[in-house]
Amino acid sequence: YDTVMTSTITQIEHQSKHPQQQEGATVQFYSYNEWQQLKQQMQTNEALKQSFEEALNQAQLKGARAAELVGSPILTLTGFENLSQYIAPLTKNKDGVYTPFVKQVTIYANNPLLKDLMVVDTPGINDPNEIRANLTETWIKNADAVLYVTYAGQALSKPDIDFIHRFMIHVPNTHRIIAINKIDCIDNPYQLDQWLLTLQNNQDSEAIKQIFSAKTPIVKVCALASLLENSQQTLDDESQWYKDDFTEKGYIGTGKHNMDELKKTISERISANKANGIISSHKQHIEGIFYQLLNALNNQKATHEQTL
């Protein structure tokens with residue numbers, strides 16, 4: 001909420017689906033009605049009103065105006081050079097000049113995994129924007145796998161529990177995964193295990209009971225260590241410092257970052273649920289053919305009865 005990184009719903013697909021079939025993005029702005037709804041919502045809370053007006057003032061200072069952008073047709077970008085203008089948080093130090101007016105961005109990347117996979121990155125917990133919150137809820141309902149990421153320093157805190165209870169409690173266990181990231185930031189991993197055990201034994205909170213009773217997989221990871229371990233690019237000084245630190249702590253070269261376990265869990269979820277979807281689709285197709293045949297036979301029977 002205070003340090004929002006995902007400011008818009010961000011959909012990631014393969015570049016073959018781009019209008020020009022190359023790497024780039026499409027940007028969908030709020031419609032006029034959605035913008036009026038958003039403005040009314042921001043008036044209901046003084047803090048929201050202030051942050052909203054500040055964002056609009058910042059955008060206007062940088063040359064972006066609601067009258068020119070709201071209700072605009074979908075914008076197509078080639079390459080990623082200007083993407084941050086539509087997707088980054090808008091602050092004095094960030095260049096998300098058009099972000100306040102953007103409802104959703106779709107990124108098209110040249111990654112072979114995306115030929116069979118769509119990734120959707122939604123805003124995190126406590127998103128004050130009801131339009132984005134509704135989109136998030138829709139995506140969660142339709143996804144083959146739902147990955148909720150929290151931070152090891154405050155894993156499964158009350159905002160986490162509230163979000164999972166609101167958006168994910170209706171999602172089948174076969175679709176849900178919880179990742180606790182940045183495990184390198186905690187001094188004693190045993191304390192995190194004890195905290196999770198305490199939560200699991202908490203019988204006072206119905207939300208917590210439902211989360212743990214469903215046996216949702218909880219995987220503890222250090223994603224940055226995995227990223228640096230597999231990086232093919234020359235690292236800058238800051239990234240190299242992190243890599244050296246992770247190597248010293250044993251996260252690199254040992255699999256201790258646990259990203260392989262998380263990938264396996266996600267893969268199993270997606271594969272199983274896609275398979276179930278295919279089976280269900282075939283079942284509906286066969287049932288449809290059967291009922292068409294049955295109706296045809298009933299019509300023939302009715303014709304013969306009338307003739308007799």
Open item on the list: I want to verify a result. In a Gaussian network model of the chain, Cα cutoff 10 Å, which of these has the top mean-square fluctuation: GLU81, GLU287, GLU248?
Closed with: GLU287
TODO: May I ask for the angle, rounded to the nearest 10°, between helix 130-142 and the longest principal axis of the chain, with both axes built from Cα atoms and the value confined to 0 to 90°?
DONE: 60
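Tell me, rounded to the nearest percent, the portion of alpha carbon pairs in the range 182-308 spaced more than 19 Å apart.
Details: 5683 of 8001 pairs.
Here the tail beyond 19 Å accounts for 71 percent of pairs.
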Task: Heavy atoms of ILE266: accessible area, 1.4 Å probe, square angstrom to 10 - done: 40
TODO: Using only Cα atoms, tell me the angle between helix 237-249 and the longest principal axis of the chain; keep it within 0 to 90° and round to the nearest 10.
DONE: 80
Open item on the list: Run the simple label-point estimate for THR76 and LEU297 please: 7 Å along Cα→C-beta, distance reported in nm.
Closed with: 5.1
- [ ] Please report, as a whole percent, how much of the solvent-accessible surface of the range 51-168 comes from carbon and sulfur atoms (probe radius 1.4 Å).
- [x] 49
TODO: Mind grabbing the accessible area of VAL146 for me, 1.4 Å probe, Å², rounded to tens?
DONE: 10
Open item on the list: At 1.4 Å probe size, what's the solvent-accessible area of MET118? Round to the nearest 10 Å².
Closed with: 80
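Can you sort LEU235, LEU196 by 1.4 Å-probe accessible area, starting with the largest?
Numbers: LEU235 40, LEU196 20 Å².
My answer, sorted largest first, is LEU235, LEU196.
Would you mind calculating the gained length between THR198 and GLN210 on full extension (0.36 nm times residue separation, minus the Cα-Cα distance), in nm to one decimal?
Details: separation 12, 0.36 × 12 = 4.32 nm, distance 1.45 nm.
Extending this stretch completely gives an extra 2.9 nm.
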TODO: Scan around GLY24 for amide H atoms under 5 Å from its own, H built in the peptide plane at 1.01 Å from N, and keep only partners 5 or more places away or cross-chain.
DONE: GLY79, TYR108
Open item on the list: Ordering ASP204, ASP260 by accessible area with a probe of 1.4 Å, largest first, what comes out?
Closed with: ASP204, ASP260
Open item on the list: Taking R0 as 45 Å, what FRET efficiency do you get between ILE286 and GLN233 from their Cβ-Cβ distance, rounded to the nearest 0.05?
Closed with: 0.35
TODO: Quick one: among ARG65, ARG269, ARG132, which has the greatest mean-square fluctuation in a GNM of the chain with alpha-carbon springs under 10 angstrom?
DONE: ARG65
Task: Heavy-atom surface of the chain, accessible at 1.4 Å and reported per residue (Å²) - done: 62
Task: Degrees separating the helix 259-307 axis from the principal Cα axis of the chain, which is the longest one - done: 20
Open item on the list: As a test of the formula, what do you get for the chain when each DSSP H run with n ≥ 4 contributes -39,500 (n - 2.57) and the sum is divided by the residue count, at 222 nm and rounded to the nearest 500 deg cm²/dmol?
Closed with: -14500 deg cm²/dmol
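The values are calculated or read from the model by the stated rules, or taken from the named source; none is laboratory data. Keep in mind that what you see is a predicted model, and the values were worked out from it rather than measured. Quick reminder, even Gly has a Cβ in these numbers, built from the backbone with ideal geometry, and neighbours come from all protein chains shown. For accessibility, only protein heavy atoms count, side chains too; no ligands or nucleic acids. Shrake-Rupley method; radii C 1.70, N 1.55, O 1.52, S 1.80 Å.
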